[in-house]
Amino acid sequence: MKEGDNLCSIAYKHQVMLRELMRVNNLSDSLIRPEEVLQIPESLPYRSGFSRGDVPRDELMLLARLIHAEARGESFEGQVAVGAVILNRINSPYFPKTIPEVILQKNSRVYQFSPVEDGSINLEPDEKAVSAAEQALAGKDPTGGALFFYNPDISKDTWIQTLPVVTKIGNHVFATST
C-alpha cells in the first residue's frame, strides 16, 4: 500500500471485486490504515464479464440513455465512468442485479437517478453515449469501482457528499459506500 491508496483503487489495480477484498481482510468498512498489509483475493474477477453480446439491445440503449442524460456534457471517460457505476452496482450485494432494475431503482419513493424522475432519460442518446455504454459493458471502469456519482455544484443531497471519494472526472465526483 502507498499513500493515497484506498480500497477501491487497490481492488481495481488487482482486478478483484471490492466486496471480496473487504471479505478476505475481515473489513466491515472502507477504512484502511497506513502500513496495513492486505491480502489480495485470487478467486473472483473484478468484473462479472459483461459484454455487449450478453446484454440485450434494449438494456444497452437504456444504459446509453442514462449516460446521455447524466453526462452528455462530460468527456468520453466521464461518460464511461457513469456507465461503470451502474455495472458496479450490479456487482454489489447492496443493489439490484440487472441494468433496468439499477437504473429504475427507487428508495423512499425517490429514484436513484434524477433523469428517471425528470424524464430526461427518454432523450435519444448520441453515438458518444452509446459507445460509452459499450465500453463500460466491455469492462472499462475509470472510477476504480465507484458505486455513486454526483455533481457537487448541483447536488443538494448532503448524504452523498459524506461518502468516501474514489475519484473526480470532469464535473462528477465518484464515491463508494462507507
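The values are calculated or read from the model by the stated rules, or taken from the named source; none is laboratory data. Here the structure is a predicted model, which is why all the values come from computation and not from measurement. Every residue, glycine as well, gets a Cβ built from its backbone with ideal geometry; the counts of neighbours run over all protein chains shown. The area values use the complete protein model at the heavy-atom level, side chains included, leaving out ligands, DNA and RNA. Shrake-Rupley method; radii C 1.70, N 1.55, O 1.52, S 1.80 Å.
What is segment 63-133 by shape, rounded, prolate or oblate, if you read a ≥ b ≥ c off the alpha carbon gyration tensor as root eigenvalues and call it rounded for a/c under 1.5, prolate for a/b larger than b/c, and oblate otherwise?
Working: a/c = 2.20, a/b = 1.33, b/c = 1.66.
The shape class here is oblate.
Points 7 angstrom from Cα along the Cβ direction at E117 and F76: gap in nanometres?
The two pseudo-label positions are separated by 3.2 nm.
Can you list the chymotrypsin sites (Phe, Trp or Tyr not before Pro) in segment 74-161 that are in a DSSP coil and have 16 or fewer other beta carbons within 10 angstrom?
Working: sites: F76, Y94, Y111, F113, F148, F149, Y150, W159; in loops: Y94, F113, W159.
When the chymotrypsin sites (Phe, Trp or Tyr not before Pro) of segment 74-161 are filtered for loop state and at most 16 Cβ neighbours within 10 Å, Y94, W159 remain.
Using the Cα gyration tensor of segment 77-178, with a ≥ b ≥ c the square roots of its eigenvalues, what is the shape: rounded (a/c below 1.5), prolate (a/b larger than b/c) or oblate (neither)? Intermediate values should be presented prior to the final figure.
Numbers: a/c = 1.24, a/b = 1.11, b/c = 1.11.
Rounded.
Nearest 0.05, what FRET efficiency do L31 and R57 give at R0 = 35 Å with Cβ-Cβ as r? Present the calculation step by step, with values, prior to reporting the outcome.
Working: r = 41 Å, r/R0 = 1.18.
Taking R0 as 35 Å, the efficiency between L31 and R57 is 0.25.
What is the set of long-range amide H partners of F149 at a cut-off below 5 Å, with H atoms built 1.01 Å from backbone N?
A175
Hey, for a label at A138 modelled as a point 7 Å past Cα toward Cβ, could you say which residues of segment 85-124 have their backbone N under 19 Å away?
Those under the cut-off are 85-88.
For segment 62-161, which trypsin sites (Lys or Arg not before Pro) are both in a DSSP coil and crowded by at most 11 other Cβ atoms within 10 Å?
Numbers: sites: R65, R72, R89, K97, K106, R109, K128, K140, K156; in loops: R72, K97, R109, K140, K156.
In loop regions of segment 62-161 (DSSP not H, G, I, E or B), the sparsely surrounded trypsin sites (Lys or Arg not before Pro) are R109, K156.
For segment 156-171, what does the Karplus curve 6.51 cos²θ - 1.76 cosθ + 1.60, with θ = phi - 60°, yield as ³J(HN,Hα) per residue in whole Hz, taken in order and with x for Gly and Pro?
Calculated HN-Hα couplings, in order: 9, 7, 6, 4, 4, 6, 8, 6, x, 7, 8, 6, 10, 10, x, 8 Hz.
Please compute the per residue accessible area over segment 24-178 with all protein chains in place, 1.4 Å probe, rounded to a whole number of Å². Display every interim value, and only then the final one.
On the way: 8110 Å² over 155 residues.
Result: 52 Å² per residue.
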